Amino acid sequence: EPEVTQTPSHQVTQMGQEVILRCVPISNHLYFYWYRQILGQKVEFLVSFYNNEISEKSEIFDDQFSVERPDGSNFTLKIRSTKLEDSAMYFCASSEGWGGETQYFGPGTRLLVL
Amino acid sequence: QKEVEQNSGPLSVPEGAIASLNCTYSDRGSQSFFWYRQYSGKSPELIMSIYSNGDKEDGRFTAQLNKASQYVSLLIRDSQPSDSATYLCAVRFVSGGSQGNLIFGKGTKLSVKP
């Protein structure tokens, strides 16, 4: 069964460093998303992406964040200058269509900023 | 502010019993409703989606939607210890400026006792 994959599974970085989280969405899916979950808190929407551009972003997704689809398979989230409060689990998701289509989540990347 | 509310639990039921999980949402423009299961440290895993009023059954799971009351529930029949997890209610709001990202509740922690 096709699934969303994410790398790395864990990332430890120093405050102020740049990190890139990688995702490979399900191959026939057209819509891609990033969510994050701070430990003990709810899953929060960050950004959605379609047709090589951002469709929607939340207040969390400020200028420190960017997304890219560098090739036909990968979808990346970059945090330019990490802060302690960026420590969280980051989930990539994809869906085949819009308007109610189910989003399938990857296993997540646990980011720890020291 | 779009909100999805769930009782955080923990909800404890004996093995074989029916577990009932509830969720309310704030925006009448909501169109799609999802239940995800999340084991500790893992990503959300889709259990069911529901789009119209009434009941939807899938194996031991039944989702119930009442749009007039802005209420969605999940019943788990014949609960098993392996059902012990946090159950996330997610709502897709498609109204105004939102194009349909998922808004999650904080989740209800279910514990099924052998």
Qualifying positions in segment B:32-73 - among the polar types (S, T, N, Q), surrounded by fewer than 17 Cβ atoms within 10 Å (Cβ to Cβ) and within 14 Å of chain A (Cβ to nearest Cβ): B:Ser40, B:Ser52
Please work out if B:Ser82 is open to solvent by 10 Å² or more (accessible area, probe 1.4 Å), at pLDDT 95 or above and more than 14 Å from every other protein chain (Cβ to nearest Cβ). yes
Determine, yes or no, whether A:Lys83 is surrounded by fewer than 16 Cβ atoms within 10 Å (Cβ to Cβ), within 13 Å of the chain's Cα centre (by Cα) and farther than 27 Å from B:Ile47 by Cα. no
By residue number, the members of segment B:7-31 that are modelled with pLDDT under 95, surrounded by 14 or more Cβ atoms within 10 Å (Cβ to Cβ) and among the polar types (S, T, N, Q) are B:Asn7, B:Ser26, B:Ser30, B:Gln31
With respect to B:Asn101, determine if the residue is touching an Asp or Glu at 6+ places or on another chain (Cβ under 7 Å), within 14 Å of another protein chain (Cβ to nearest Cβ) and within 24 Å of A:Tyr35 (Cβ to Cβ). yes
Could you grab the pairs with beta carbons closer than 7 Å, sequence gap of 6+ or different chains, first residue in segment B:70-87 and without any contact (Cβ under 8 Å) to a residue 12 or more places away in the chain, second one in a strand (DSSP E or B) and open to solvent by 40 Å² or more (accessible area, probe 1.4 Å)? none
Could you list all residues from segment A:17-42 that are assigned to a loop (DSSP other than H, G, I, E, B) and touching a Lys or Arg at 6+ places or on another chain (Cβ under 8 Å)? A:Glu18, A:Gln41, A:Lys42
Go through (1) at pLDDT below 95; (2) under 28 Å from B:Val91 (Cβ atoms); (3) open to solvent by 30 Å² or more (accessible area, probe 1.4 Å) for A:Thr5 and report which single condition fails. (1)
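Residue by residue, here is whether (1) in contact with a Cys (Cβ under 9 Å, 6 or more places away or on another chain); (2) in a strand (DSSP E or B); (3) within 17 Å of B:Phe104 (Cβ to Cβ); (4) among the aliphatic types (A, V, I, L, M) holds:
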position	(1), (2), (3), (4)
B:Trp35	yes, yes, yes, no
B:Ser40	no, no, yes, no
B:Ile47	no, yes, yes, yes
B:Lys56	no, yes, no, no
B:Ser69	no, no, no, no
Subset of segment A:88-104 [open to solvent by 10 Å² or more (accessible area, probe 1.4 Å) and modelled with pLDDT of 95 or more]: A:Met89
Looking at A:Phe45 and the list (1) in a loop (DSSP other than H, G, I, E, B); (2) facing chain B (nearest Cβ under 10 Å); (3) within 14 Å of the chain's Cα centre (by Cα), which single condition is not satisfied? (1)
Could you tell me which of the residues A:Leu114, A:Leu39 is loosely packed, with under 13 Cβ neighbours inside 10 Å, hydrophobic (A, V, I, L, M, F, W, C), away from every other protein chain (no Cβ under 12 Å) and touching a residue at least 40 places away in the same chain (Cβ under 8 Å)? A:Leu114
Just a yes or no: is a residue in segment A:57-76 under 17 Å from A:Gln14 (Cβ atoms), part of a loop (DSSP other than H, G, I, E, B) and more than 14 Å from chain B (Cβ to nearest Cβ)? yes
In this structure, is A:Ser66 more than 29 Å from B:Ser52 (Cβ to Cβ), at pLDDT 95 or above, small (Gly, Ala, Ser) and surrounded by fewer than 13 Cβ atoms within 10 Å (Cβ to Cβ)? no
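The values are calculated or read from the model by the stated rules, or taken from the named source; none is laboratory data. Keep in mind the model is a prediction, meaning the values are calculated, not measured. Quick reminder, even Gly has a Cβ in these numbers, built from the backbone with ideal geometry, and neighbours come from all protein chains shown. Quick note on the areas: whole protein, heavy atoms, side chains included, nothing else; ligands and nucleic acids left out. Shrake-Rupley method; radii C 1.70, N 1.55, O 1.52, S 1.80 Å.
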